[in-house]
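The values are calculated or read from the model by the stated rules, or taken from the named source; none is laboratory data. Nothing here was measured: the structure is a model prediction, and the numbers come from that model. Glycine also receives a Cβ, built like all others from the backbone with ideal geometry; neighbour counts cover every protein chain displayed. Calculation scope for accessible area: heavy atoms of the full protein, side chains included, ligands and nucleic acids excluded. Shrake-Rupley method; radii C 1.70, N 1.55, O 1.52, S 1.80 Å.
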Amino acid sequence: MADAIVNLALEQLVQITAKKITEGVRLVGNVENEVEKLRSNLEAIQAVLLDAEERQMKGDRAVRRWLDQLKDTSYDMEDVLDEWNTEIMKLQVEGDLKDAPAPKQKVPSFFLCSCFGIKQVVLRRDIAQKIKELNKKLDIIAKEKDTYNFKEMKSIEAPERVQTTSLVDVAEIYGREFEKNSLVSKLLDDGNEKQKDLLVISVIGIGGIGKTTLTQLVYNNDMVKSHFDTRVWVCVSDRFDEFRVAKAIIEGLKCRTDNLVELESLLQCIYQCISGKKFLLILDDVWSEDYDKWKQFYYCLKNGSHGSKVLITTRKYTVASIMGSVDPIIMEKLSEEECWLLFRQFALFGRPPKECEKLEEIGREIVAKCKGLPLAAKTLGSLLRFKRTRDEWQRILDSKIWKLEEIKKDLFLPLMLSYNDLSSVIKQCFSYCAIFPKDHNIKKDHLIKLWMAQGHLGLDNDTEMEVIGQEYFDYLTSRSFFQEFQKDKDGNIISCKMHDIVHDFAQFLNKNEYCTAEINEGSEELVINTSNEKVRHSMLMLYNMATFPIPLCSIKSLRSLFIVCKGFKYMKPNDDLPNLFGELTCLRALDISPRLGPSNLITVIPKEVKKLIHLKYLNLSGLDVKKLPETLCELYNLQTLDISLCFMLKELPQEMGKLINLRHLINLETGSLSYMPKGIEKLTCLRTLSEFIENSNSSDGGKACSTLACLKDLKHLGGQLYIRGLGNVTNVSEVKRMQILSKKKNLFYLKLHFDKDGERERKNDDDELLLEALQPHPNLEELDVTGYRGSTFCSDWIMSLTRLRVLRLYSCKNCMHLSPLGKLPSLESLIIEGMNVKKIVTGIESDGEFSSSTSVILFPKLKVLQFWFVSEWEECEYANTILPCLDTLSINCCGKLRALPDAILQGAKNLQHLDIYQSYSLKERYRNGTGEDWQKISHIPNIKFTDSYLQRDPLPLR
């Protein structure tokens, strides 16, 4: 860890030295020597850090103390260098380097630049003095280093580009057949019909033994899935929070809470939701031995139908007993052969047979050290998967780490081996995850932005730090530091968790630097030990009516602070919370998003926010703030600003253009914003701009940026972009000339809203010309168009979107002609809503390119076709079309449609789902068995009219 911190300080020195040369900022006098001395000392210390880290792990307390001093000094150094760098940026932004008058007399300062004014000279002197003081501390540390006779050792460096590797997805569980069969049998056995007690089943075993993995396997077993009406999975973890557990059960049951805030109301909701249902409830990782907490749930859950089950996993026999579990399933350690099979699946993945044979003997010796623990086998297997030679495997087997007394938990030993194999910067990325509580669902993109804020992904703003973060995440994933992945529809990981043991290990590595604290209603003492000045990163979880702890503001060393509201009760605006903006001036990341809690946690962001000069990540999402102070624009280091779901926010600060390092402006669901401020075009580092608002300039007092042309220079924009207010555009030719979207190759999801301010009428062809001018890059994958007034969707560029998979057309009332769409090669989902036409032509050219007798394959990959609220629709022209992949056809609230298109019904041979909602004429025409056209749809396995199935596949729908 110290290695990574020293590396960062050195990188900052190099960066600032380059900047001062570029900007003409000269250092004179002793300060130039002080900076060089600082660099020399750091490099000398860096060379021996790997040996020092190894010796502290072996229990050398003197070395540990020396490393702690080095880390503290390095953190201070990072702050000073960051402050220096910020001052240079401030001069750049405010133009002082060009415009400030030269001093009229010689100033006895450590810094001097011919163009500095007096104020700047004083600021430079202050920083110079801090550098001198740091050098004194580092001198002492460097001299003490020599007394330990450290060896110079080369540390593992992160490759310029971490290789992308496929995940090893374990499809089976080794050696658990008896436990699996026994557990499935218990779940399927409904016992005596007269038995009224709710059956509680338990799986008991030590950490890392595979309790959760086994339970997940059984939970997803086809027989188990079909046996229960509904299944719910809740991760409980160390603290049995009744509100959170109740809320999670309700969400799993897909019931509405209607903003219930009292536990009794939540329990009543569960009671009603499970009535008449046979359910399976999984309570994973239960620790609490408080019977009273469980009792209220037990009586509530007894209202389920006969055969309902609760399955818990726990490390404690007493927990299983208190919860009324009988005949528990005990998870024993794997046999050596079973452990070998699991290890082999990871370690020998993708290797040729001869190579596997050469490594098997030594591999089995390594497996013996796993002591039958699946997590250990998986972790070591993931490590050795990237060690190609027998000698590398031998070094792991002979490692002195196996003999360390300091590490008492068996599972920490293989984790330490994997950890030591990481580069210093990726070690920091892993260690940072200790800030999250156990079982926390870690959002990948959020984590990468936090790594970026701490400087773990480099300091060069021109690099794609987000890409590097993705690679580091993949690197840690491939080595089994993360698990329980949630993926998007394309199979990309969007979130993950850490195994409890891995989380314990991360906290073990950073004993005093990371702290998670829970604050409950009525708490008078802060859970966190505020006397410990080494706490650098903290997450506070406020439960229900808990108040913000004022003593936290005294921990000046904090670099990350997350405040999470976990309760559901109303909270008054917190008068103490704003104090942190003026006190915690070392913060790099500040998150006060309420999430599940009340949005009035804080209603005013104070002007003192400008004191957080190091801040790079600020999350205010979901707060009831009406405006942001202008002083926020003095946060020159800010990289991420999240104001999504701030429904009351009226405007952004006018000097937003000063935030030259801003990479992510996340402003989703900020409907009260009516314009973008002038200067937004200066944010050329932006990678994310969730929403852009085109304004009519009639009532903003000249505060708004003038046109869509503001987007032209934001060349790095990617991900999702929502442009609203397109009805206000007056100069379409300028938009077309600027080509504001066509070169944004990282933009994958585009939403265009043709709404407008005022009463000014807009012609249909205006929208058609504007749509033509808004041509996106061919990489676009999703496109939403809302409020479009054109009569045709024949934009020339639509056929260039060869990667487009989803197209949604909302309230395009006049649009009738959709003929090009059937040729889109990648389109998988087409949703049409709110048209005012009697006839829709889609898929074929209207000029008779295809004759009525010709069959043609259109929409070659289309799986979902939906129509909503096409109220005047009477007929649809499709000719003889073939839709080879169409799976789902939905027609909703289209009351005048006389018949379903025969061409679709006949040409969609793989159609599995037909869903028709609120259409009386169609209901009569296709009535089951008696309707005149029933035979045309009877081959479709799943047919649903409004809320009733006319026909349903006997297999469970997924």
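Scan (1) under 37 Å from the mean Cα position of the chain (by Cα); (2) at negative phi for the single condition Gly350 breaks and write down its number.
Only one criterion in (1) under 37 Å from the mean Cα position of the chain (by Cα); (2) at negative phi is unmet by Gly350, namely (2).
Taking the range 458-488 only, how many residues are more than 23 Å from Gly718 (Cβ to Cβ) and crowded, with 19+ Cβ neighbours inside 10 Å?
6
In the range 358-417, what residues are among the hydroxyl-bearing types (Ser, Thr, Tyr) and within 15 Å of Ser478 (Cα to Cα)?
Those that are among the hydroxyl-bearing types (Ser, Thr, Tyr) and within 15 Å of Ser478 (Cα to Cα): Thr379, Ser382.
Looking at the range 299-406, what helices (runs of 4 or more DSSP H) fall wholly within it and have at least 2 residues that are within 22 Å of Leu187 (Cβ to Cβ)?
Answer list for the range 299-406: 317-322.
Residues of the range 360-385 being surrounded by fewer than 17 Cβ atoms within 10 Å (Cβ to Cβ) and within 27 Å of the chain's Cα centre (by Cα), which ones?
none
Sort out which residues of the range 229-242 are of a type in the set (D, E, K, R) and either touching a Cys at 6+ places or on another chain (Cβ under 9 Å) or part of a strand (DSSP E or B) (or both), and write them in order of number.
Of everything in the range 229-242, just one residue is of a type in the set (D, E, K, R) and either touching a Cys at 6+ places or on another chain (Cβ under 9 Å) or part of a strand (DSSP E or B) (or both), namely Arg231.
Restricting the range 163-179 to residues that are open to solvent by 50 Å² or more (accessible area, probe 1.4 Å) and more than 33 Å from the chain's Cα centre (by Cα), which is modelled with the lowest pLDDT?
The extreme case among them is Glu177.
Hey, could you check the range 198-228 for residues that are of a type in the set (Val, Ile, Thr) and outside any helix (DSSP H, G or I) and say which is surrounded by the most Cβ atoms within 10 Å (Cβ to Cβ)?
Result: Val203.
With the condition kept exactly as written, say whether any residue in the range 630-637 is within 30 Å of Val80 (Cβ to Cβ) and among the aromatic types (Phe, Trp, Tyr).
The answer is yes, given that some residue of the range 630-637 is within 30 Å of Val80 (Cβ to Cβ) and among the aromatic types (Phe, Trp, Tyr).
Residue under question is Glu53, and the condition is that it be at pLDDT 85 or above, of a type outside the set (S, T, N, Q), closer than 30 Å to Tyr419 by Cβ and surrounded by 18 or more Cβ atoms within 10 Å (Cβ to Cβ); does it hold?
No.
I'd like the full set of residues that are more than 16 Å from Tyr419 (Cα to Cα) and β-branched (Val, Ile, Thr), limited to the range 358-403.
Matches in the range 358-403: Ile362, Ile366, Val367, Thr389.
Does Leu253 satisfy the condition of being without any contact (Cβ under 8 Å) to a residue 40 or more places away in the chain and surrounded by 18 or more Cβ atoms within 10 Å (Cβ to Cβ)?
Against the criterion (without any contact (Cβ under 8 Å) to a residue 40 or more places away in the chain and surrounded by 18 or more Cβ atoms within 10 Å (Cβ to Cβ)), Leu253 qualifies.
Results for (1) open to solvent by 10 Å² or more (accessible area, probe 1.4 Å); (2) assigned to a helix (DSSP H, G or I); (3) on the phi < 0 side of the Ramachandran plot, shown as yes or no for each residue.
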| position | (1), (2), (3) |
| --- | --- |
| Lys736 | yes, yes, yes |
| Ser742 | yes, no, yes |
| Leu750 | no, no, yes |
| Leu770 | no, yes, yes |
| Leu783 | no, no, yes |
| Gly790 | no, no, yes |
| Leu804 | no, no, yes |
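Say we look at the range 794-819 and pick out the residues that are among the basic types (Lys, Arg) and farther than 12 Å from Glu833 by Cα; which of these is nearest to the chain's Cα centre (by Cα)?
My answer is Arg805.
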